[in-house]
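Please treat every number below as a calculation from the coordinates, not as lab data. Quick caveat, the model's predicted, so the values are computed rather than measured. Heads up, the Cβs are rebuilt from the backbone with ideal geometry, glycines too, and the neighbour counts pull from every protein chain shown.
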Amino acid sequence: MTASPSINTAEANALASQTAAEIEYIVISRHNQMLANRDGEVADYIPELAKVPADQFGLAVASKTGQIFSAGDAQATFTIQSVSKVYTFAMLLELVGREEVYDLVGVQPSSDPFNTITLDPRTNRPFNPMVNAGAIAVCGRLRQLLGPSAFDEVLKLFSRAAGRPLEVDEKVFESERETGHRNRAIGHLLRAAGVYDLPVDEVLDVYFRQCSIKVNAIDLAVMGATLANLGVNPRNGEDLFGLDAVRDTLSVMFTCGMYDGAGDWASRVGLPAKSGVGGGIMAVVNRQIGIGVFSPRLDEAGNSVRGKMCCIGLSEALGLHAFDAANPGSSFLKGLAKPA
Ligand code: GLN
């Protein structure tokens with residue numbers, strides 16, 4: 001049997017005794033490696049998204065000790081889109097607990113595209129909260145529980161997780177509201193299935209707004225680091241999610257976060273992650289770091305091409321894959337815990 005380690009142990013060992021400059025180097029070099037890649041297409045089914053400059057590319061890593069390492073357009077803003085589903089799911093888990101949430105939405109990967117207009121035939125509920133049907137069901141429950149201020153609460157929570165006040169991109173919101181007929185169809189399907197008893201437009205208003213929140217790659221890294229750091233934002237110390245909500249959220253990200261590309265992602269990257277059609281990907285290394293990437297060209301599953309390549313590159317270089325035998329990722333944690 002030939003051993004074929006996928007981990008660059010030299011780099012990973014360097015990180016065990018790293019300085020901030022060395023980590024910065026890894027982040028910058030992975031970004032540089034993917035810079036020439038122009039594969040994929042910018043999402044255009046939401047007309048306003050088609051106007052996004054396709055070449056933008058930012059990468060950021062935030063550690064559980066609150067350090068940030070970034071490269072490229074890490075401060076360029078884009079709409080969070082489906083990455084938002086992670087935090088509304090965690091928010092609902094916090095509000096009503098696991099049993100009630102699991103009655104509302106499954107945690108079963110589906111091999112259908114994210115916008116498929118179907119429910120799990122066994123349960124008459126959405127397959128999981130990472131596809132649109134599941135996220136809209138979560139939104140419906142939040143709207144029911146929190147009333148007209150539901151979106152304000154969502155925005156507040158997202159801002160606390162990012163560590164700065166976030167805003168909605170009103171143009172993207174309007175654009176999606178005008179053209180979101182598939183999501184409207186899903187909304188009606190859910191209402192017909194008894195998932196909620198609210199006007200569909202009230203629910204979709206929250207959903208379209210949450211998808212239109214503007215973030216940058218650093219925000220996604222910090223939001224990811226908040227999950228990595230057991231629900232506490234490492235930058236501002238805000239305690240946002242309990243351990244159960246973090247565990248359940250990371251689990252469903254791992255199995256369902258990358259849609260029909262989830263299996264390939266799990267084996268190549270080995271990290272819980274969530275993508276959005278705005279070009280963002282957020283990945284989490286449990287107890288260690290959050291990764292945020294932004295590059296708008298998407299593959300067929302709707303995942304950022306360069307974002308995915310960057311995550312593969314970082315996972316290999318730093319040994320971050322959940323099932324890496326050598327697991328130098330834990331050395332990475334020790335390194336980061338050291339004072340600079
Ligand atoms: N707002 C988008 C939609 O509902 C989100 C999809 C995504 O990011 N995959 O179609």
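Its residue count N sets the reference 2.2 N^0.38 Å, and the alpha-carbon radius of gyration of the chain equals 0.94 times that reference.
Rounded to whole Å and ordered largest first, report the semi-axes of the equivalent ellipsoid of the range 128-230 derived from its Cα gyration tensor (root of 5λ). List each step's numbers first, then the result.
On the way: eigenvalues 120, 47, 32 Å².
Each semi-axis is √(5λ); the values are 24, 15, 13 Å.
Considering the dipole of the chain built from charges on the beta carbon (Lys and Arg +1, Asp and Glu -1) around the Cα centre, which of G187, G278, F173 is farthest to its positive end? Of the listed residues, the answer is G278. Viscosity 1.002 mPa s, temperature 20 °C: Stokes-Einstein D of the range 18-125 from its Kirkwood Cα radius, in µm² per second? Rounded to a whole number, D works out at 120 µm²/s.
Footprinting exposure proxy ranking of D120, D197, fewest other C-beta atoms within 10 angstrom first, gives D197, D120.
Computed from backbone phi with θ = phi - 60° and the Karplus coefficients 6.51, -1.76 and 1.60, the 3J(HN,Hα) list for the range 282-287 is 10, 10, 10, 9, 3, 6 Hz; x is used for glycine and proline.
Using Cβ counts within 10 Å as a stand-in for footprinting exposure, how do I136, I23 rank, fewest first? Spell out each step's value before the answer.
On the way: I136 29, I23 21.
In order of increasing Cβ crowding within 10 Å: I23, I136.
When the pairs K171/K214; K51/K156; K51/K171; K156/K308 are compared against a 23 Å limit on Cα-Cα distance, K51/K156; K156/K308 fall above it.
Here the contact order of the range 33-125, divided by its residue count and restricted to Cα pairs under 8 Å and six or more residues apart, works out to 13 percent. Taking a Cβ cut-off of under 14 Å around N236, the surrounding Lys, Arg, Asp and Glu residues balance to a net charge of +2, with basic ones at +1 and acidic ones at -1. Compared with the dominant Cα axis of the chain, that is its longest principal axis, helix 150-162 is turned about 0°. Taking amide H positions as modeled 1.01 Å from N, with prolines and chain starts lacking one, the residues under 5 Å from L298 and 5 or more places away or on another chain are E41, V42, A43, V305. 3J(HN,Hα) along the range 136-147: 6, 4, 4, 4, x, 5, 5, 5, 5, 6, 9, x Hz, from the Karplus curve 6.51 cos²θ - 1.76 cosθ + 1.60 with θ = phi - 60°, whole Hz, x for Gly and Pro.
What order do you get for L35, L166 when you list them from fewest to most C-beta neighbours inside 10 Å? Don't skip to the answer; put the middle values down first.
On the way: L35 13, L166 21.
Arranged by neighbour count, lowest to highest, L35, L166 become L35, L166.
Once Rh is set to the Kirkwood radius over Cα pairs, what Stokes-Einstein translational diffusion coefficient, in µm²/s, holds for the range 229-329 at a temperature of 37 °C and a viscosity of 0.692 mPa s? Value of D from the Cα-based Kirkwood radius: 237 µm²/s. Please state the relative contact order of the range 49-201 as a whole percent: Cα pairs under 8 Å, 6+ residues apart? The value is 19 percent. In this simple spin-label model, placing a label point 7 Å from the Cα along the Cα-to-Cβ direction at both L95 and E170 gives a separation of 2.6 nm.
For the range 33-40, backbone phi angles converted through the Karplus equation (6.51, -1.76, 1.60; θ = phi - 60°) give residue-by-residue couplings of 4, 9, 4, 7, 6, 10, 6, x Hz, Gly and Pro being listed as x.
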